[in-house]
Each structure stands twice: as C-alpha cells, then as structure tokens.
1. Over the chain, what is the percentage of antiparallel beta bridges among all DSSP beta bridges, to the nearest 5?
2. What is the distance, in nm, between label points placed 7 Å from the Cα along the Cα-to-Cβ direction at V32 and at H152?
3. Long-range amide H contacts for G137: which residues qualify at under 5 Å (H placed 1.01 Å from N, peptide plane, sequence gap of 5 or more or a different chain)?
4. Using a 7 Å offset from the Cα along the Cα-to-Cβ direction at both T202 and Y113, what is the distance between the two label points in nm, to one decimal?
5. Of the candidates L27, L99, L140, which one comes out as most mobile in a Gaussian network treatment of the chain with C-alpha springs shorter than 10 Å?
6. Could you work out the relative contact order of the chain, using alpha carbon pairs under 8 angstrom and six or more residues apart, expressed as a whole percent?
7. Within the set of other residues whose C-beta is less than 14 Å from the C-beta of V44, count the net charge using Lys and Arg as +1 and Asp and Glu as -1.
8. Rounded to the nearest 0.05, what FRET efficiency do D121 and R45 give with R0 = 30 Å and r taken as the Cβ-Cβ distance? Could you check?
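Derivation of every value follows stated rules applied to the coordinates shown; laboratory data play no part. From a predicted model like this one, the values you see are computed outputs, not experimental measurements. Neighbour counts run over all protein chains shown; Cβ positions are idealised from the backbone, glycine included.
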Amino acid sequence: MADFLDDTRRSYDTTADDYATWIQDELAAKPVDRAVLAVFAEVVRGPVADVGCGTGRITAHLHDLGVEISGVDLSPGMLTAARRTYPHLRFTEATMTALPIDDHVLGGVVAWYSTIHVPDDHLPAALAEFRRVLRPGGHLQLAFQSGTGTEHRTRAGGHEVALTFHHREPARMADLLRDNGFTVQAQLLREPDLDGPYPENTPQVYVLAFAHG
C-alpha cells in the first residue's frame, strides 16, 4: 500500500474527534461552498458516493438537499465520528483508488477536498476509479486548493500528523479529467477567506464534470 495512504489514515485517525468538533459548522460560514453543492444536488441523478467523506458533514448536507448518498473514507476514526453524528447515513471504509462499488452504478461522486492528499503520480488512478463507478453522464464534483507544489504538516490541532497537501492549478486538473474520461462542465475559483473561524491561505477551486458515454 502506498505510504501516502498509511500516513493520511493514521493522521486523520489521530485527529478525528477534535477535527469533527472543529469542522462541524464550516459550511455555515462558506456560502459559495453551499451554492456549489446546491448545483450538484440539482443536476445529479441516482446514487452518489462522497469519497473521502471524513466526518460526514458533506454527506449529510447533500442528503438534506435530497441526494441519495453514502460516504466512503479510509480513516476508521473519521468514520466512527461520522456514524456517531449521522447514524441514519451509511459510511464505508475504503480508499478512493479501490472503491467497493460496481462498475457504472453511480449517478455522482463527490470528492470534496479529498484528492488533496493524493500525489500527482497516483491522481490519474483515482480519477479513473471515479470514472469506473459512474454511469455515462454521471457527475463528479471536486473541491481543492489552487496553486502549485505541496505543503507538508507535522502538527494539526495539537496532534502529530504526517499530511501532505497537493495544490493544483484548475487547468491542470481539467486536463487530467479529460484524459480520464470526463467532460468539464463548470469551474469556479473562489478567493481565500482570510478572516473568520476557517481562514484559508490559497484560492479554492470547484470543478463539476460528467463521465463520457
């Protein structure tokens, strides 16, 4: 198994309870994020997987918007928090490079800041896996930080972690999507929120794409 998977799993297991408390109200402070998710909820048809769901907050938000959705994450600690907070929803432990989902059965995939820990040389495999589980015409919603290079963190919320954040330019991600069977439908670049409880140091990118037939 790739080291980045082990590091990511271990880091989020370590921080899960504190992270769940800290992140719980983030969407309430991010109106553009809510608008992006509302568009996805309007266009998607059929079951959706929230891949890299973490504590389940995006899963629950989309469920409340009427989306048939379940969550997938590689961290047992994060899934424990998700199941505790949202016992009415289904969450499964798995990696995004080996989803326990049959071919071409989903109407949508959400990867909301979950590809950010995937190295460049593994990202095409993750996108190909998203394409595999989507029906022709099924939608993929990505969110990630804009930029180039990586940011490595060894501390988060008072815990020791080993997390690498991969920043990516929107044009580069669009090219990768096209190379892996997707048509880009919409892109949005949001300037970073500099104040408030969830400050950001990079612009944020949202890409909506659909799978080729």
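1. If we restrict to bridges inside the chain, about 55 percent are antiparallel.
2. Going from the V32 label point to the H152 one covers 3.0 nm.
3. A211, H212, G213
4. Distance between label points: 1.2 nm.
5. Top of the fluctuation ranking is L27.
6. Once divided by the residue count of the chain, the mean separation gives 20 percent.
7. -1
8. Taking R0 as 30 Å, the efficiency between D121 and R45 is 0.35.
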